[in-house]
Amino acid sequence: MVTTLAGVALAAVAAVGFSWAVRLQHGAVVAVGVGGRLSVSGVPALVRSPGWRTGAALTVLATSLHIGALSLAPLAVVQPVGVLSLVVTVLLAGHASTGPLSAEVRWAVVAVCAGVAGFVVVSALTMTAAGPVSGDGVQVVVVVVLLAAAGALRTSGRARCVTVASCAAAVFGLGSSLIRAATQDLIVRGDVVAALWVAGEAAALAVCGAWLVHQAYAAGPAAVTVAATTVLDPVTAVIVGIAFGGEVLMPVPVLGIGQVALALAAVAGVLVLARSVPDERDARPERRPSPPAGDPMRILIGARRRRDPRPRRFPR
């Protein structure tokens, strides 16, 4: 019991750390991005940003705490605590915005948190491993998701934010499935070459997912990105595990229907947040470029009036 409580405490601290990391990196991406997009040429300036570096360090620290939590408590207990990061992110966005959060946003956060927590708990309680991961089937899904990501990058506005973040979540979920496949290649089959190949592909997907997340940061509120990744990352991992990972659900129709309902509630909450959550960029004053040095208006305003050397004469 004590170790479980310690795991929950570590998971909660990790969730708060993830929230602050998202806030810092989101602000850095918005400062560097142009027109809701992050270009490759802007990456050096982003990496030099103190906010982005601090956010990266917080991400590493929070990830370590989350791994420690998983070593102390079951997945069904630790993973739902991770949705606390969405709550903190939305609260930080509301604090930075011009007004309080609407009831619609608050209920959407409740729907996402309850949906994800319930989905993870039901999945952990009803799933059993039955065989190895089918690498070929996962590869097909990887290609489909990458094509969807390429299409999402061609959108704009908040639609770009939620679609790109959703593709990033799917990429992360596929990366988790590939990591499991790599461990099976190494431990069960003893194939070191295949394990290294699959692990390299998982690392490439992690880099791709990070790039997509930063594009979502540039396109919209941080809370929308966190909500989409919070929902679709575990959902993708569960679906891929059932379809290609040899995992099966216990034959309990009520639990299966409840799991689908929880996932739909979480997705509906993400869609509401994508439409209603305040964007921190709207609360920032718009930067107007200063006139160039040779601008005649600037010279005219800054010039001093010359004094007339002749004495003024007033009529008597």
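If only residues of segment 159-175 that are over 12 Å from the mean Cα position of the chain (by Cα) and surrounded by 18 or more Cβ atoms within 10 Å (Cβ to Cβ) are counted, the one that is farthest from VAL238 (Cα to Cα) is ARG160. Filtering segment 10-30 for residues that are in contact (Cβ under 8 Å) with a residue 60 or more places away in the chain, assigned to a helix (DSSP H, G or I) and over 18 Å from the mean Cα position of the chain (by Cα) leaves a non-empty set. Evaluated against (1) part of a helix (DSSP H, G or I); (2) at pLDDT below 90; (3) over 26 Å from THR126 (Cα atoms), ALA57 falls short on exactly one condition, (2).
Restricting attention to segment 32-42 and to residues that are part of a helix (DSSP H, G or I) and touching a helix residue (DSSP H, G or I) at 6+ places or on another chain (Cβ under 8 Å), the residue that is surrounded by the fewest Cβ atoms within 10 Å (Cβ to Cβ) turns out to be GLY42. Within segment 121-149, residues that are at negative phi and surrounded by 16 or more Cβ atoms within 10 Å (Cβ to Cβ) have Cβ atoms under 6 Å from residues that are acidic (Asp, Glu) and modelled with pLDDT under 85 in these pairs: MET127/GLU247, counting only partners at least 6 apart in sequence or on another chain. All told, GLY7 meets the bar of being surrounded by 17 or more Cβ atoms within 10 Å (Cβ to Cβ) and touching a Leu at 6+ places or on another chain (Cβ under 6 Å).
The values are calculated or read from the model by the stated rules, or taken from the named source; none is laboratory data. These numbers were taken from a predicted model, which means no experiment stands behind them. All Cβ positions, glycine included, derive from the backbone under ideal geometry; neighbour counts span all protein chains shown.
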